[in-house]
Structures are given as C-alpha cells and as structure tokens.
Amino acid sequence: VVRTMKDYGLFLGIASQPPQTAFVHISHVSDSKTKPNLPEKFPVGSTTTCRVTDLNYADGILQVSMKKSVIELPFLQHSDLAAGTHVRGTVVAIEDFGVLVKLSEKMIGLIPVNHLADVQIRTPAAKFKLEQKVKCR
C-alpha cells in the first residue's frame, strides 16, 4: 500500500518490471457490504493480494480488485479464454438466434444457433431450458 484515501480507495505499488501503480476503489476492497476503515486496515507499507481488472490508458494506472470473489474467478473477460477452452455455464436466455450462457458473475457468452449441436437445431427452446447447466467449448 503506497497511499490510502479514506473514503475513496487505495493506491498500490505493484512489484513488477518496470514497477506499476495500481488503484483499488473502496467498493473493490472486500466482498463485505460494510465500508472498511482503510487507513486502519491497510496502513501504508502493508502488503495485500489483488487481481488486475483493467488498465486506465490515460494515466497508465492499473485498476485492481481485492475482492476474494473476483480474485478466485477463473476468468474475467472473453480474452482470458483461448479458443477451444472447456467451460461450464448456466443458460440465462433462449432466443431464436442462440442461447445466452452465464459463465461467471462478470461474463455472459452467446452460443449461436449453428453452434448449439452437431446437428441443426431450429428451435433452441425445445433443447435448452432456463437455468440449465451446460458445458461449452
């Protein structure tokens, strides 16, 4: 922890080459709904675990999260997945053009109708149900 802003968040120094600056907003410090006392819980000089979620290209500062639920996610965005990766998801919507599958709390993917099965499926609603668990690739 490099700097604490009481009601806003933390600036972190990331040990990398070259060293990077990161910011964690107070809403991403913990999964808890209660607002932590940042200066008391994270004094300057302390170390913590975080996950990079974004990069602010304007100022070059990494956006990070310290939420355990975010750190433990297998992936945060579509680019984290390589083509052919096997994932599990839950059907959240069924449309004529395909099925929307929730892969994580932060990501939903579309399976186009021509990729739903080895044979053509004309009505996805006949094969899939809402909240159905599916394996995808």
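Couple of notes before you dig in:
- Selected residue (criterion: surrounded by the most Cβ atoms within 10 Å (Cβ to Cβ)) from residues of the range 41-57 that are of a type outside the set (D, E, K, R) and under 20 Å from the mean Cα position of the chain (by Cα): C50
- Filtered by the rule that a residue be open to solvent by less than 50 Å² (accessible area, probe 1.4 Å), farther than 30 Å from I71 by Cβ and touching a strand residue (DSSP E or B) at 6+ places or on another chain (Cβ under 7 Å), the range 94-119 gives G98, P112, V113, L116.
- Where a residue in the range 75-90 is β-branched (V, I, T) and at pLDDT 85 or above and its partner, wherever it lies, is open to solvent by less than 90 Å² (accessible area, probe 1.4 Å) and not in a loop (DSSP other than H, G, I, E, B), with Cβ under 6 Å and at least six apart: V87/L103; V87/C136; T90/K102
- Top-ranked residue in the range 6-40 [being open to solvent by less than 70 Å² (accessible area, probe 1.4 Å), more than 12 Å from L62 (Cβ to Cβ) and part of a loop (DSSP other than H, G, I, E, B); ranked as modelled with the lowest pLDDT]: P36
- For the range 120-134, the criterion of being farther than 22 Å from Q20 by Cβ, open to solvent by 70 Å² or more (accessible area, probe 1.4 Å) and in contact with a His (Cβ under 8 Å, 6 or more places away or on another chain) is met by none of the residues.
- Test: residue in the range 41-61 that is part of a helix (DSSP H, G or I) and farther than 21 Å from L76 by Cβ: yes
- Criterion violated by K67 - all others in (1) charged (D, E, K, R); (2) free of Cβ contacts under 8 Å to residues at least 24 places away in the same chain; (3) under 30 Å from T4 (Cβ atoms) satisfied: (2)
- Output for the range 71-115, where each listed residue is of a type in the set (D, E, K, R), under 21 Å from K129 (Cβ atoms) and outside any strand (DSSP E or B): D96
The values are calculated or read from the model by the stated rules, or taken from the named source; none is laboratory data. No experiment lies behind these values; they were computed from the predicted model shown. Counting neighbours? That spans all protein chains shown, and the Cβs are built from the backbone with ideal geometry, glycine included. The accessibility values were calculated without ligands, DNA or RNA, using every heavy atom of the protein model including side chains. Shrake-Rupley method; radii C 1.70, N 1.55, O 1.52, S 1.80 Å.
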